[in-house]
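Each remark here refers to the structure printed beneath this line.
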Amino acid sequence: MARILITGSADGLGLMAGELLADQGHAVVLHARSEARADEARSALPRAEAVLVGDVSTVAAMRSVADQANALGRFDAVIHNVGIGYREPHRVATEDGLSRLWAVNVLAPYVLTALMQRAGRLVYLSSGMHKVGDASLEDPQWEHRPWNGSQAYADTKFHDLLLAFGIARSWPGVLSNAVEPGWVPTRMGGANAPDDLSKAHVTQAWLATSRDPAAQATGSYFYHQQPRRLSPSARREALQDRLLDYCRVISGVELG
């Protein structure tokens, strides 16, 4: 039996992954952005070991969630599922002055990775939209560009690949991979999304726990338990290092 933390798991794919893993006999810890959402998560999955609470749009809350996780002990795997979708109509600044979209989608996974006791497996949620993400790493938080929510989201999903692959290089003893769940009809994806919802949560759960040799890869990108073609720019080590360093500077948190 493994212990798995799933961020952003009060509903949607995170909760679905939690239900699957609990059905398989694993110990699951969920995460919600507020106490009200945590109550919903507890009702939806009473078998969950615990529910961590924190709106990870701020660095203070990211640190708090990491502290809550560490108080429970080491996890075998962490699924970094938390995220904001592509429909934000304008750039929203957090109390730290960061882009909320970027803070939740990119910086939160970085800070939690850096501050939590090191898990054996890390899974980061990306998207097929990463292929149109801006690979320049110029203005990653859209401070100077006219806001485009879809493009800003695509950029964060490209950054999530850089994060997963950079961690894989930095921590060779940890299995660090990224997943494309598909465009599925969740609250984030919308009712008309065309992909198969029944498969969208399976790969991340598989990467978190499976003894299948294919699931014990690192620095890979998967879709429905198969390697997926990705933007070649995501393999550029210099970009991976730039993003990790940028996250370190913005958050004040060393990766270690």
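Residues in the chain average 41 Å² of solvent-accessible surface per residue, probe 1.4 Å, ligands and nucleic acids excluded. The local environment of Thr218, defined by Cβ-Cβ distances under 12 Å, has a net charge of +2 under the rule Lys, Arg +1 and Asp, Glu -1. Put simply, when 240-253, 77-90 are sorted by average Cβ atoms within 10 angstrom per residue, most first, you get 77-90, 240-253.
Here region 14-70 has 49 percent of its accessible surface on carbon and sulfur atoms, given a 1.4 Å probe and all protein chains in place. Let me know the shape class of the chain, please: from the alpha-carbon gyration tensor, a ≥ b ≥ c as square roots of the eigenvalues, rounded when a/c is under 1.5, otherwise prolate if a/b is greater than b/c, or oblate. Rounded, because the longest to shortest axis ratio a/c is under 1.5.
Ignoring everything except DSSP H segments at least 4 long, calculate the 222 nm mean residue ellipticity for the chain; use -39,500 (n - 2.57) per segment, divide by total residues, nearest 500.
-11000 deg cm²/dmol
For the chain, the membrane-span-like helices by this rule, meaning whole DSSP H stretches whose C-alpha atoms cover at least 27 Å of axis and whose Kyte-Doolittle mean is -0.5 or above, are 149-170; this says nothing about an actual membrane.
Give the Kirkwood hydrodynamic radius (Å, one decimal) of region 38-97, defined as one over the mean of 1/r across all pairs of different Cα atoms.
Evaluated over region 38-97, this radius sits at 13.8 Å.
Most tightly packed first, judged by the mean number of other beta-carbon atoms within 10 Å of their residues, the peptides 6-19, 49-62 read 6-19, 49-62. Sorting 169-177, 150-158 by their mean Cβ neighbour count within 10 Å, with the most densely packed peptide first, gives 150-158, 169-177. Largest first, the residues Arg47, Arg211 sort by 1.4 Å accessible area into Arg211, Arg47. Beta bridges from DSSP with both residues in the chain: antiparallel share about 10 percent, rounded to the nearest 5. Here region 131-172 has 50 percent of its accessible surface on carbon and sulfur atoms, given a 1.4 Å probe and all protein chains in place.
Accessible-area rank, largest first, for His130, His201: His201, His130, with all protein chains present and a 1.4 angstrom probe. Simple point charges give the picture: +1 on the Cβ of Lys and Arg, -1 on the Cβ of Asp and Glu, and for region 68-226 a dipole about the Cα centre of about 360 debye.
The values are calculated or read from the model by the stated rules, or taken from the named source; none is laboratory data. Computed from a prediction, not measured in an experiment: that's the story for all the values here. Here Cβ is always computed from backbone atoms with ideal geometry, including for glycine, and neighbour counts include all displayed protein chains. Areas reflect the complete protein model, heavy atoms only, side chains present, ligands, DNA and RNA absent. Shrake-Rupley method; radii C 1.70, N 1.55, O 1.52, S 1.80 Å.
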